[in-house]
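We did not get these values from a lab; they are worked out from the coordinates using the rules stated. Everything numeric here is computed off the predicted structure, so don't read it as measured data. Reconstructed Cβ throughout: ideal geometry from the backbone, glycine too, with neighbour counts over all protein chains shown.
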Amino acid sequence: MEQYVIKGGNPLVGEVEIGGAKNAALAILSAAVMTDETVTIDNLPNVRDINVLLDAIREIGAKVDRVGEHTVKINGSFIQNLTVDNEFIRKIRASYYLMGALLGKYKRAEVALPGGCNIGSRPIDLHMKGFRALGATVDIEHGMFLASAEKLQGTHIYLDKVSVGATINIMMAASMAEGKTIIENAAKEPHVVDVANFLNSMGANIRGAGTDVIRIVGVEKLHKTEYSVIPDQIEAGTFMYAAAATKGDIMLKNVIPKHLEATTAKLLEIGCEVEEFDDAVRVVASKPLHHTQVTTLPYPGFPTDMQPQMAVVLGIASGTSTITESIFENRFKYVDELTRMGANIKVESNIAIINGVERYTGARVNAPDLRAGAALVIAGLAAEGITVVDDIYYIERGYENFEGKLAALGAVIEKVSSEKEIKKFTLKVS
Ligand code: UD1
């Protein structure tokens, strides 16, 4: 088991390069098997979830060539096996994208039901509703999601709830259905648009991605393409909030400022300065931070994946703030850990009431999930003294070289794997 050990108190200053968007990349890699020609995907983040998915894609017979740390070539013509199940794939949420991809191409898919971060119940009823509307028979048996169809027929689908996963999955399957599909109340997240652009670059006919009505005209075949994944708005947001919490000054490179609007708006509200460039953003936190109100919402609202990082910043901002979590009901599990670092936060139902304290103090804490884990690292960077974050396995699912990027900004942080190394670090920095 590895840990991050952090000596807090240093403002983060300098430049950081943001990687490709994990959540877009997971869907794009799955969609890449939908053609028999070779697809090249660039700007992939080198993180655990991506590597697990690539292994699963390899296991069903596709040819996967890692031609560089951030580039892969995939050829789906060798696929023999339409059953996706291994001990790792069950741990990642995005395994469900192989359902839409395989169902679209082969009209059959058997995929182990997804796991992922434990941030609340994560049903897949809307994915199933979409596949059924396209004419597939869909079942869940022995922990496996099973779908098959003689043929997929374009149709009209209304999503009862805005779901990123269901929108993308239906979009993939409908790309190879007969006729026209209309998805209403579709998710508008940047990665929905990125996946649509990717599919279109393979010859799909998708219009309206980024609005709440997506129109897809099915095609018989998809072809090769070369594609670069968009920058990760959540990795970027995490560094922006790390700048705020540590009173730092960070220039983030390789970002799309438009995708960061909600994240940026809240930073401005609490007293930070944010300067936008074409593909960069600078965050300066030189003034005292103050309270605000936040509600998580589907894009372009405030992202639920930034909620824990926001809470960490508001925990040391003056006054009383509230965060309302409207997407996932179980996303405040980090609050007990943050309380051990001195935070004053009370959770009532889906609202966290945060009374800002002057500072955090270092403690030993557990990362309960990916984004909350990153948020606890930010708290450690802002805290007085030493913080040890356990279970960083979660963080590594979605952040590439997190400790390296933070250290380059002046953070005192190391990845360790034993109590002995924790002691050694403590002696070295004290
Ligand atoms: C994706 C992201 C995740 C992010 C979330 C919301 C990936 C791999 N993960 O997750 O990081 O936090 O979007 O931006 O891209 N729902 C249903 N039925 C369904 C599907 C979803 O009721 O069939 C509900 C969920 O419980 C949740 C809401 O819809 O309350 C939104 O979930 P969704 O957008 O589907 O999240 P994911 O795609 O799983």
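Could you tell me which of the pairs LYS180/LYS224; LYS22/LYS415; LYS22/LYS253; LYS247/LYS423; LYS7/LYS420; LYS22/LYS346 are separated by over 20 angstrom between their Cα atoms in the structure shown?
Values: LYS180/LYS224 23 Å; LYS22/LYS415 22 Å; LYS22/LYS253 17 Å; LYS247/LYS423 28 Å; LYS7/LYS420 16 Å; LYS22/LYS346 31 Å.
Beyond 20 Å between Cα atoms: LYS180/LYS224; LYS22/LYS415; LYS247/LYS423; LYS22/LYS346.
Principal semi-axes of the equivalent ellipsoid, √(5λ) from the alpha carbon gyration tensor of the chain, are 38, 22, 20 Å from largest down.
What number, in percent, do you get for the relative contact order of the chain if the mean sequence gap of Cα pairs under 8 Å and at least 6 apart is divided by its residue count? If you can, show how the numbers build up before the last one.
Details: 1082 pairs, mean separation 89.4, N = 430.
Once divided by the residue count of the chain, the mean separation gives 21 percent.
Remark on GLU384: its backbone amide H falls under 5 Å from those of TYR360, THR361, GLY362, a criterion applied only to residues 5 or more positions apart or on other chains, H modelled at 1.01 Å from N.
In whole Å and largest first, what semi-axes does the C-alpha gyration tensor of the range 231-345 yield when each eigenvalue is scaled by 5 and square-rooted? Write down the numbers at each step before the final one.
Values: eigenvalues 95, 57, 28 Å².
For the range 231-345, the ellipsoid semi-axes come out as 22, 17, 12 Å.
Each DSSP beta bridge with both residues in the range 22-228 is either parallel or antiparallel, and the antiparallel ones are about 75%.
Packing-wise, with mean Cβ within 10 Å as the measure, how do 37-45, 421-429 rank, highest first?
So the order, starting with the most tightly packed, is 37-45, 421-429.
For GLU15, nonlocal amide neighbours, meaning residues 5 or more places apart or on other chains whose placed amide H falls under 5 Å from its own, are MET251. 3J(HN,Hα) along the range 147-154, derived from phi through the Karplus expression 6.51 cos²θ - 1.76 cosθ + 1.60 where θ = phi - 60°, amounts to 9, 8, 7, 5, 8, 9, 10, x Hz, with x in place of Gly and Pro. Proximity of backbone amide H atoms, modeled 1.01 Å from N, is registered between GLU178 and LEU152, GLN153, GLY154 at under 5 Å, excluding neighbours fewer than 5 places apart on the same chain.
Taking every DSSP beta bridge that has both residues in the chain, what percent is antiparallel when rounded to the nearest 5? Walk me through the intermediate numbers first.
Details: 56 of 80 bridges.
Here the share of antiparallel DSSP bridges comes out near 70 percent.
Our note on the geometry: Cα centres of the range 193-231 and the range 119-155, 21 Å apart.
Computed over the range 22-108, relative contact order equals 36 percent, with contacts defined as Cα pairs under 8 Å that lie 6+ residues apart.
Within a Cβ distance under 12 Å of MET251, other residues only, what is the Lys/Arg minus Asp/Glu net charge?
Details: positive: LYS253, ARG282; negative: GLU15, GLU17, ASP249, GLU275, GLU276, ASP279.
Within the 12 Å Cβ shell, the charges total -4.
Jot down the per residue volume, in cubic angstrom and as a whole number, of the convex hull over the alpha-carbon atoms of the range 22-228. Convex hull volume per residue, Cα atoms: 100 Å³.
For the range 302-397, the mean projected area of the C-alpha convex hull, equal to one quarter of the hull surface, is 5.4 nm².
Among the GluC sites (Glu not before Pro) in the range 286-388, those placed in a DSSP loop whose Cβ has at most 15 other Cβ atoms within 10 Å are GLU329, GLU358. Looking at the range 324-398 alone, DSSP beta bridges between its own residues are antiparallel in about 60 percent of cases.
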